[in-house]
Amino acid sequence: SGVECGGRIRLMSAPPGSDGPPPPAWWRSAVGDVSTSGVTHAARSIGGLGSSAPEIPTTTKLLLCGGVAGAFSKSCTAPLARITILRQLQSTGQVPGWIPGENQGILRALSKIVREEGVRALWKGNGVTVLHR
């Protein structure tokens, strides 16, 4: 930030309202401790705005992020896991419409599931898997 003077911007090298170079660490008296940002200091001086909710511990953040990432990855691979289960049951003759010994590709299997059961069937059982793992 600076002050416009005669069409040019002049950078401030001294504390506002003074005429000389800044004394050592003049900004500490203006903004507080080194670890405190000016925004936080200003919010505190306004009257309690700086006292927000307590900060979430890093370990909790990491656990939460890991859980969300795991749930997302399981959900992305759920259609392939569904095909795997159906193919395993195919040999027993337990799955209607899936002929034992018939070898079809991944895309044909996906389209067959969508055609016969709908798109949501690709993620059948995914909620339990996400909760379990």
Q. Rounded to the nearest 0.05, what FRET efficiency is calculated for Ile99 and Leu63 with R0 set to 35 Å and r the Cβ-Cβ distance?
A. 0.15
Q: Leaving ligands, DNA and RNA out of it, rank Trp98, Trp123 by accessible area with a 1.4 Å probe, largest first.
A: Trp123, Trp98
Q: Under 13 Å from the Cβ of Arg82, count the other residues' Cβ atoms, weight Lys and Arg +1, Asp and Glu -1, and hand me the total.
A: +3
Q. Could you give the radius of gyration (one decimal) and Dmax (whole number) of the Cα atoms in segment 81-133, in Å?
A. 11.6, 33
Q.
Order Val128, Val95 by their accessible area, 1.4 angstrom probe, all chains in place, largest first.
A. Val128, Val95
Q.
Please report the net charge: other residues with Cβ closer than 14 Å to the Cβ of Glu102, K and R +1, D and E -1.
A. +3
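The values are calculated or read from the model by the stated rules, or taken from the named source; none is laboratory data. Since the structure is predicted, the reported quantities are computational estimates derived from the model, not experimental observations. We place every Cβ from the backbone using ideal geometry, glycine too, and count neighbours over all the protein chains shown. What goes into the accessible areas is simple: the full protein's heavy atoms, side chains included, and nothing from ligands, DNA or RNA. Shrake-Rupley method; radii C 1.70, N 1.55, O 1.52, S 1.80 Å.
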